[in-house]
Amino acid sequence: MTAWEDVPVTLAQIEHYAYCPRQWAIITMEQTFTDNADTTAGHIVHETVDKGESSTRNGLRVERSLPVWSDKHCLYGIADTVEFREGQSPLPVEYKSSRLRMRPAELQLVGQAVCLEEMFSATVSFGFLYMAKTRQRLQVDFTAELRSELLSTAEQIRAERYRITNNGAMPKPVDDKRCDRCSLAGNCLPKLSQNRQRIGGIASAIWAPS
């Protein structure tokens, strides 16, 4: 086992890295975060669940802001809401302000399921993304493919952290449609960074020895 293989990874990091490795690096490695309209909306959506108050009604117990972890996979985080019914597996529900169903959110949710399975010795087959704008629950089935992608993403994060720590090179900016929704675009400066890389490449070609 190498030095980075057992480094704990948070479920929030899973979501950020799956969206954009550079976003993950700015938040995690540089400890920088900036809000925009989307992230502010997310904070508002989470105000209720972040209070961490539990409730029970008609045999349904709801735990909010529940800490979850997996020692086996070195994962941990906070589940927005977990529903418990007697005789049934825990049901994770992740709150999102967006109208869009996105893969990073699904990976975050299956990460919660993997943790809950270890904590409660249960099999968690599915969960829900609660889309606040439409007030809809979208079911996410925890397939073998999704579980494999979760663990692969966690390993990529560990390897990338080790690489950045040792040589300091941040992941390259993507400069695509993801940047339009990213609150860190002003910190990342994707277009400027890409232009510098292009200019550097041109200069290298011009001055390369013949």
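The values are calculated or read from the model by the stated rules, or taken from the named source; none is laboratory data. Just so we're clear, the structure is a prediction, and the values are computed from it rather than from any experiment. No Cβ is skipped: glycine too gets one built from the backbone with ideal geometry, and neighbour counts run over all protein chains shown. Just the protein is used for accessible areas: all its heavy atoms, side chains included, with ligands, DNA and RNA removed. Shrake-Rupley method; radii C 1.70, N 1.55, O 1.52, S 1.80 Å.
Quick notes on this structure:
- Considered as a group, the residues in the stretch 78-94 that are more than 10 Å from L109 (Cα to Cα) and among the β-branched types (V, I, T) include one that is most open to solvent (accessible area, probe 1.4 Å), and that residue is I78.
- Here V140, V124, V174 are screened, and the one residue that is over 22 Å from D6 (Cα atoms), buried (at least 17 other Cβ atoms within 10 Å of the Cβ) and at pLDDT below 95 is V174.
Quick grid of which residues meet (1) basic (K, R); (2) modelled with pLDDT of 95 or more; (3) within 25 Å of E5 (Cβ to Cβ):
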site	(1), (2), (3)
S70	no, yes, yes
Y76	no, yes, yes
V82	no, yes, no
L91	no, yes, no
R99	yes, no, no
L116	no, yes, yes
F128	no, yes, no
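- Inside the stretch 39-68, residues that are open to solvent by 100 Å² or more (accessible area, probe 1.4 Å) and at pLDDT 60 or above make up a count of 6.
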